[in-house]
Structure formats: structure tokens, C-alpha cells
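Structure, as C-alpha cells:
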């Protein structure tokens, strides 16, 4: 939805502007956006002031940007609605009478700057763009905690392009990059602007369009803003390229405060059944996974397992890691022998672990213990296993416990970024588990390694590891596990609490039942199952029966 | 430890004023005999009491040892093993080399050939 601003006099071909907004909760009614829209209309432009998901009238839980990953889980790009909304906005604006398709501008602040670079780089109808403090290169985003919401780090985008590429893709079309010197939100000019210019300038130069790539750094007020000084630079840039030689073109702001309207006055009726990210995902999930039926004879079941195991490895991009135990220190902790280890995994990760036993002996049955809240939160559980005769290797895989990434940005943004460069955090976690299980088997002569996991995140990683590592892992016990990935959507979960579970396309190919089926005949035990778990996993009793095992995962 | 040691060798503290009747009385006043060791069944009661006391002591001691063990285990589990900010450093080191690079091009045709997939994948 949006608000159309038209000049009083419509004549001839007139430039088209699409104003997109960022995370201002007022949405299309925010003053600086209204003022820009009114000013452009007063300069003779057709202006579409577009509402953004999660803002203004669309400020509902279902449009929260962190819910776009519910679509990702279903194998439909959560980013697509963002792009399609802008694309449709351009369709509508360019379909207006008097629209000049050669003079089409998009501009916005913050998330609006991000929207601007995305649509204006990929949709060649946008002939001029002014993103304001809305994006940086992947490199500066990760180094300066500028990672933003889900849409700014969409799954797999980094396999195709960085924002440096998008900036360069603007060539040779006029592009003004505006950043703020003392930005109190993100994308400070000091670290953001130069890397973008450095990569885009040579490409503009290939077109002989060096002058069409310009930048502006705002110092007054210098904060995260698209206020008058930034707007006037934008008007001047428009004047240079859309109104060249027009001495009457006004480069200064035309005072328009008296024309500002309230959010209610700018309200647009919405259909009662308007969809949002959550509802879209809910609709999609009901049909997933695509192939949910399990074979009914043993030969077909074994063949299915081979095929689907490869598919799971591919969907979650599970790497094959080797774990090497370093920095071992052994001591006593009361009656227990405790060895601290640092597992170096795949040359990328260091996983901290404690190896705990009451009576060290070769080949002792071993439990790999993990939990969403980290090993330190599992004292009682670990003690119970040790008292039960287990050697316990308790560790914190990627993102949990001591391995949680602590920075200025929230920790859940890092897994989004990992997914954005084409990897899957859940696949990495499962690979770390599998590597440590192989280490125990190969280096410690342990025949029986099981995984015991507490929490929905750890349980999922344990389940995947059990499914893809049939040799070293003899089974797993899952506490507080989901029994269906659809619960993530039904319970309206987001990446803020369960980031790695929203792996792109996972539910399209697998639900938890199918992943457990990959582990059979090894037991995957859902501890303290609820009725849903018993219902979801009941068909697996027959499946285990195909392998000659009488077993119910959720009993 | 033997639980059935001779009761007479076990010196249980008695409440003040009790036990005065043990052995020969040097008092003309007759006190009701409160000493549980005086009678046969009283001795058995005392052994039982002693047994329970020992069991209780053992339980308390054992619980204390378990609590100490758990506290030590908790401390061990909470002990940091990684260097400060190591997860952040490793995360950045993991991501940075995987960020797609800009193609090195020298003319427009090369550039447009390189960027073509971006448009088609979008």
C-alpha cells in the first residue's frame, strides 16, 4: 500500500519517484518522508510513498521482519515479498498517466536505503537512486556490527552478490550515496562509504560515468537521519540529472510542514484477509514436506535412507569436519575425573568441552551432552549420566553457551549472516557433533557414543547429527525437542530465539519424522513427549519394525 | 564400622540431670531411672537409636559430599575455556573469506558478462 502524491498540474512526461522507508514505526506517515514526498510533488514529480512491512499500517506481528525466515524454512524466499512489493510499486507508479519512464528515482533512509539499493540495482527501470544510511558491504557489516534485520542478510545472497556488487550494478545510472558522520544507529560514513565507492567507482568508470556516482556525508545533525540537509542534497542531485539546465528548479527545501498529515489521515483500508509473512508460511507449511510418505518395505526403506541422507546433507550444507582435541588438562573435581579440552574443528571452530567420568576406563560408554543454554546449565543432568556409569563429554557447539557470539549486534544476527554467505548454522552444529563423535570412537576406542540434548535447538542439531553419522553415533536422547518443524510456524517462533532452525528449505524436504527415519534403526528417544510428539512420531514404530526393531521414539 | 558395638562403651550425652542412677546410688533420694541402658529392651532401643543416628550422619555426610561434588562440577562446567571474544573472532574469520569478491574486469563487456547471473538469480 502507499500514498500517491501528484502535482497540481499534470502535463507532459513527469519524473516518477518511489519513496521507501526504513524502520520508522510511523511508516509512510513519518514526517521526513512526507516532507520529501510533498517536496518532490511540488517539483512536478509523481510520487509514490510506499508503506513497508512491519511499519505504519503494516506494523503487525505477522509482518515483523524476523518472521520472513518462516518462509525460508518452507523453501520460499522470505526476501521475495520485500522485492515484489517494491517491484509492484514501480509497476503502479509507471502505469500512471504522464509517468516518464526515463526519469524514475527511488530513495529512502535506513531500511529504506537498503530497499533503495536492492530495487535500484536489480530493476533497471530505476534511473536514479539515493540510498541514505541503509547498507554497507558484508565486510563492514560484520566488522562494525551493522548487520541489520533478516532481510539485510537473506539466505544465500552472498553466493551471488555483496552490496558492493549492487552498488556497482547501478552504473552508469546516477547514484548518490548518503551517509551520516555520527550515525547513532548504523552504517556510519567513516567505515561504510569508502569501501562502496572504491568498488563501484571503477565500474562507473568503465561506462565513462564517473560523475554519476556521488556521495554525501551529513554532519548536521550527523545522526541517523534524512532531514533537511540530506534532503536538499537529494533535490540538488535530482536537479542535476532530471532537470539539467532548469534554472527554475528549486534545490532548497520548500517549506511544507503545514501540509503534514496524521497517520489516521493517511490510512488506507486493508482487506480483512490480508496476508503477512506468518500467514503465508502457515499456508505453505500445511503442504510440506513435499514427499512426506515413508516406504513400507525394508529394501525401499534402506534405499530411501541413502538418498534422503544425501539430500539432508545438501539442504543443510553439512560440512565434513575432523575434530582434534587440544589443550587437554586433567584434574579431579570431587569424586570425578575432569579433562578440559578444546576441540579444533575443521580449522574454523574451537569447541570447548569437558570430559567427565567417575571411573576412567577404555571403551567406556559415552554421552555427548549439549544444551541450548550451554554446558554450564546442565550440572544435574551431567551428574546423573556420570552416576549412571557414563563418561560425559559436555561441550558448547557453535552459538551456544560459551560459544555464543557476543558483540554489539544481537547474537542471532550471526547465524543469519552465516546463512547469507551460503552456509547453514544447523549444518555446522551437526557437523561439529558428528566430528566429536568420530573423535571419541577413533581416538578413545569408544564403541557406544550417544548424544543427549536439552532444548529445541540442541535437540535438532543432535537429531541431524544422528541422521547423517550412522557409524559413530548409536542414538540420541532429546529433551524439550519439537516433534515437527511446523511447530516453529504454528507457535510463531522467530530467528531471534531459534536462529539456526530456520534453515532455508528444510521443511520443504523434511519434517522431524523424516529425519528420525534416517536414524533408524538407531534409537532417537524423545524424552517426556507431549501428545503432539506421540501423534507425529507414531508412524515410526512401523518404520523401525522394518529394520527388525520394536521401538517408539515418543513413548 | 560396627553398628553393634557394646552399648556401655558408647558415651552418649545425656540430658542434664539424667543418668544419676547409674551404678550405686549415693543419694537417699530415689530418682526414677532414666538411663536407657538400664534395661535389656532399653539397650536394644539405644542401639536402634544409635543406628539411626549413624545412618543419619552418614546421609548428611554423603549429602554434603554430593553437594560439594556438584558444586565442584558446576564450577568446572562454568570455567571458561575459550579466550575472550574467541567465538566472535572465529565467526568473523569464518565469514570474511567467504564473502564474494568483486570480479576483476577491465572493460564493460567483461563486467556485464560477470554481473549477468546476479540479475537472473534475483
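Odds and ends about this structure:
- Those residues of segment A:390-427 which are facing chain B (nearest Cβ under 9 Å), in a loop (DSSP other than H, G, I, E, B) and farther than 20 Å from residue B:83 by Cβ, in sequence order: A:421, A:422, A:423
- Residue satisfying condition, being more than 24 Å from residue A:416 (Cβ to Cβ), without any contact (Cβ under 8 Å) to a residue 60 or more places away in the chain, surrounded by fewer than 24 Cβ atoms within 10 Å (Cβ to Cβ) and in the same structural domain as residue A:113 (by TED's automatic domain parsing), within set A:9, A:59, A:43: A:9
- Segment A:181-198, residues that are in contact with a helix residue (DSSP H, G or I) (Cβ under 6 Å, 6 or more places away or on another chain), away from chain B (no Cβ under 14 Å) and either closer than 20 Å to residue A:420 by Cα or surrounded by 21 or more Cβ atoms within 10 Å (Cβ to Cβ) (or both): A:192
- Selection from segment B:71-100 of residues that are part of a helix (DSSP H, G or I), in contact with a strand residue (DSSP E or B) (Cβ under 8 Å, 6 or more places away or on another chain) and at the interface with chain A (Cβ under 7 Å from one of its Cβ atoms): B:72, B:73, B:76, B:77, B:86, B:90, B:94
- In segment A:279-289 there is no residue that is over 22 Å from residue A:486 (Cβ atoms) and in contact (Cβ under 8 Å) with a residue 40 or more places away in the chain.
- Any hit, segment A:244-267, residues being part of a helix (DSSP H, G or I), in contact with a helix residue (DSSP H, G or I) (Cβ under 8 Å, 6 or more places away or on another chain) and within 25 Å of residue A:152 (Cβ to Cβ): no
Per-residue answers, yes or no, for (1) assigned to a loop (DSSP other than H, G, I, E, B); (2) assigned by TED's automatic domain parsing to the domain that holds residue A:235; (3) touching a strand residue (DSSP E or B) at 6+ places or on another chain (Cβ under 6 Å):
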| site | (1), (2), (3) |
| --- | --- |
| A:113 | no, yes, yes |
| A:136 | yes, yes, no |
| A:148 | yes, yes, no |
| A:151 | no, yes, no |
| A:185 | yes, yes, no |
| A:204 | no, yes, yes |
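- In segment A:158-171, the residues that are surrounded by fewer than 22 Cβ atoms within 10 Å (Cβ to Cβ) reach residues that are at pLDDT 95 or above with C-beta atoms within less than 6 angstrom, at least six apart or across chains, in these pairs: A:159/A:422.
- Output for segment A:211-236, where each listed residue is under 34 Å from the mean Cα position of the chain (by Cα) and assigned to a helix (DSSP H, G or I): A:212, A:228, A:229, A:230, A:231, A:233, A:234
- Conditions (1) in contact with a strand residue (DSSP E or B) (Cβ under 9 Å, 6 or more places away or on another chain); (2) assigned to a helix (DSSP H, G or I): number failed by residue A:239: (1)
- Residue within segment A:66-85 that is away from chain B (no Cβ under 13 Å), without any contact (Cβ under 8 Å) to a residue 40 or more places away in the chain and surrounded by fewer than 19 Cβ atoms within 10 Å (Cβ to Cβ) present: no
- Number of positions in segment A:367-389 that are assigned to a loop (DSSP other than H, G, I, E, B) and in contact with a helix residue (DSSP H, G or I) (Cβ under 9 Å, 6 or more places away or on another chain): 4
- Complete set of residues in segment A:86-103 that are in a loop (DSSP other than H, G, I, E, B) and in contact (Cβ under 8 Å) with a residue 60 or more places away in the chain: A:96, A:97, A:98
- Condition broken by residue A:301, with the remaining ones in (1) in contact (Cβ under 8 Å) with a residue 60 or more places away in the chain; (2) exposed (fewer than 13 other Cβ atoms within 10 Å of the Cβ); (3) out of contact with any strand residue (DSSP E or B) (no Cβ under 9 Å at 6 or more places or on another chain) satisfied: (2)
- Conditions (1) surrounded by fewer than 20 Cβ atoms within 10 Å (Cβ to Cβ); (2) within 14 Å of chain B (Cβ to nearest Cβ); number of the one not met by residue A:97: (2)
- Segment A:354-366, subset in a strand (DSSP E or B) and more than 18 Å from residue A:429 (Cα to Cα), residue farthest from the other protein chains (Cβ to nearest Cβ): A:366
- Elements of type helices (runs of 4 or more DSSP H) in segment A:444-518, at least 2 residues being assigned by TED's automatic domain parsing to the domain that holds residue A:367 and without any contact (Cβ under 8 Å) to a residue 40 or more places away in the chain: A:456-468
- Search result, residues across segment A:34-46 that are closer than 12 Å to residue A:261 by Cβ and touching a strand residue (DSSP E or B) at 6+ places or on another chain (Cβ under 6 Å): A:37
- Within segment B:101-111, considering residues that are surrounded by 13 or more Cβ atoms within 10 Å (Cβ to Cβ) and assigned to a helix (DSSP H, G or I), the one farthest from the other protein chains (Cβ to nearest Cβ): B:110
- Residue check for residue A:208: under 24 Å from residue A:165 (Cα atoms) and assigned to a loop (DSSP other than H, G, I, E, B): yes
- From the options A:327, A:314, residue that is out of contact with any strand residue (DSSP E or B) (no Cβ under 8 Å at 6 or more places or on another chain) and either away from chain B (no Cβ under 11 Å) or part of a strand (DSSP E or B) (or both): A:314
- Only one of the listed residues (A:386, A:351, A:338, A:369) is within 11 Å of another protein chain (Cβ to nearest Cβ) and without any contact (Cβ under 8 Å) to a residue 40 or more places away in the chain. That residue is A:338.
- Of all the residues in segment A:372-383, those that are under 28 Å from the mean Cα position of the chain (by Cα) and more than 10 Å from chain B (Cβ to nearest Cβ) number 2.
The values are calculated or read from the model by the stated rules, or taken from the named source; none is laboratory data. These figures come from a predicted structure and were not determined experimentally. Note that each Cβ is placed from the backbone with ideal geometry, even for glycine, and that neighbours are counted across all protein chains shown.
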